[in-house]
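Below is one structure, written out as structure tokens; the observations come after it.
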């Protein structure tokens, strides 16, 4: 499990973030097969990778909402920096739907080049990925990456509860949400059999109910009780649904709820006392990427200090945060504003995620029918 240390109150030297750059005199793209490249060295170095990606001219991303962990700014900066058009498709779909899109669009120019996936779907989709190791591979802890680079953790947050304070009281426990104050009010960000955020909500309900990450059944049973009470709202969490008043309570990642709180009057965010559920999302390159060099440059960019700091600005904790702090390249203002991720932190292992995906596939639909 990734350990977050010194997340607040640290004294570091302010420094400009080291960034990838497209030099004025970049070398011409070579004849390297970008689809099989496992590092920038296969292209002849980062500058040659930049040239190859610019020759492709486009990058297809999928399921990256602008207000999710600051992806809007990250995509815009990538475009500006490299002159590569980012085609952002289906921002609100689930991790499972990303994989389905790869199947449906295989062989087409519009197929996804890269994925951003929850853990359970990642581990069930390894055949879709191409191995790749970014230049600062050693700054990513071993437990946060597949050894060959098939997948790499990118950012994390805690599973939180957002609520419309103008309409409902602040929940201080799961039991509160079963009361009459929350009739028809409580929603998840997706289906937990398909979406990482919803999967994590069931995980949070499990540990808050006294269960363990070995078996999400207690969390499923909580949502069954929530549904029986008439309080579960089978609508996917979106900012529009929250802003319209349709959703008054949302289980979602802290960075998503914080983004909504910055734009929707009355929306507040709370973390239940006790055990805190955290989990990384995962980056992966599609082995069928129509723009394989751009896909690899995107990974290099995402793990650079520049982009990793932008995750902090968006309310998420990037996987290289310790390296940023050690090097003095962390955005201290953003980190101080975000604060420390504290409490009793739990994160499912790969084996636990796979086991619970099977449990959810078996039990979820019946629980909320």
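Among the residues making up segment 326-352, those that are part of a helix (DSSP H, G or I), under 18 Å from residue 141 (Cβ atoms) and modelled with pLDDT of 95 or more are 326, 327.
Which residues, taken from segment 103-132, are over 11 Å from residue 61 (Cβ atoms) and crowded, with 20+ Cβ neighbours inside 10 Å? Lay out the reasoning, then the answer.
Our first condition is that a residue be over 11 Å from residue 61 (Cβ atoms); within segment 103-132, this holds for 103-111, 117-132.
Selection gives 111, 117, 118, 119, 120, 121, 122, 125, 128, 129, 130, 132.
Would you be able to say whether some residue in segment 76-87 is part of a loop (DSSP other than H, G, I, E, B), touching a helix residue (DSSP H, G or I) at 6+ places or on another chain (Cβ under 7 Å) and at pLDDT 95 or above? Within segment 76-87 (the criterion being part of a loop (DSSP other than H, G, I, E, B), touching a helix residue (DSSP H, G or I) at 6+ places or on another chain (Cβ under 7 Å) and at pLDDT 95 or above), the answer is yes, since at least one residue qualifies.
Among the residues in segment 211-229, are any at pLDDT below 95, more than 24 Å from residue 257 (Cα to Cα) and surrounded by fewer than 24 Cβ atoms within 10 Å (Cβ to Cβ)? Can you show your working first?
Of all residues in segment 211-229, those at pLDDT below 95 come to none.
For segment 211-229, residues at pLDDT below 95, more than 24 Å from residue 257 (Cα to Cα) and surrounded by fewer than 24 Cβ atoms within 10 Å (Cβ to Cβ): absent.
Scanning segment 79-109 for residues that are under 17 Å from residue 284 (Cα atoms) and touching a residue at least 60 places away in the same chain (Cβ under 8 Å) turns up 94, 95, 96, 97, 102, 106.
Given the options 141, 171, 112, name the one that is modelled with pLDDT of 95 or more, closer than 23 Å to residue 339 by Cβ and not assigned by TED's automatic domain parsing to the domain that holds residue 350.
Working: 171 fails: not assigned by TED's automatic domain parsing to the domain that holds residue 350; 112 fails: closer than 23 Å to residue 339 by Cβ.
Of 141, 171, 112, the one residue that is modelled with pLDDT of 95 or more, closer than 23 Å to residue 339 by Cβ and not assigned by TED's automatic domain parsing to the domain that holds residue 350 is 141.
Kindly indicate whether residue 147 is in the same structural domain as residue 48 (by TED's automatic domain parsing) and either in contact with a strand residue (DSSP E or B) (Cβ under 8 Å, 6 or more places away or on another chain) or in a loop (DSSP other than H, G, I, E, B) (or both). Against the criterion (in the same structural domain as residue 48 (by TED's automatic domain parsing) and either in contact with a strand residue (DSSP E or B) (Cβ under 8 Å, 6 or more places away or on another chain) or in a loop (DSSP other than H, G, I, E, B) (or both)), residue 147 qualifies. Scanning segment 311-323 turns up one or more residues that are within 20 Å of residue 159 (Cα to Cα), without any contact (Cβ under 8 Å) to a residue 60 or more places away in the chain, in the same structural domain as residue 71 (by TED's automatic domain parsing) and not in a loop (DSSP other than H, G, I, E, B).
Per-residue answers, yes or no, for (1) closer than 18 Å to residue 344 by Cβ; (2) in contact with a strand residue (DSSP E or B) (Cβ under 8 Å, 6 or more places away or on another chain); (3) outside any loop (DSSP other than H, G, I, E, B):
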{"position": "193", "(1), (2), (3)": "no, no, no"}
{"position": "200", "(1), (2), (3)": "yes, yes, yes"}
{"position": "203", "(1), (2), (3)": "yes, yes, yes"}
{"position": "212", "(1), (2), (3)": "yes, no, no"}
{"position": "215", "(1), (2), (3)": "no, no, no"}
{"position": "227", "(1), (2), (3)": "no, no, yes"}
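Scanning segment 159-176 for residues that are surrounded by 22 or more Cβ atoms within 10 Å (Cβ to Cβ) and within 30 Å of residue 124 (Cβ to Cβ) returns 159, 160, 161, 162.
There is no residue in segment 354-361 that is surrounded by 23 or more Cβ atoms within 10 Å (Cβ to Cβ), in contact with a helix residue (DSSP H, G or I) (Cβ under 8 Å, 6 or more places away or on another chain) and outside the structural domain of residue 240 (by TED's automatic domain parsing). Would you check if residue 233 is buried (at least 20 other Cβ atoms within 10 Å of the Cβ), out of contact with any helix residue (DSSP H, G or I) (no Cβ under 6 Å at 6 or more places or on another chain), farther than 20 Å from residue 190 by Cα and at pLDDT 95 or above? So residue 233 does not fit the description; no.
The values are calculated or read from the model by the stated rules, or taken from the named source; none is laboratory data. The shown structure was predicted, so the numbers you read here are calculated from the model rather than taken from an experiment. Counting neighbours? That spans all protein chains shown, and the Cβs are built from the backbone with ideal geometry, glycine included.
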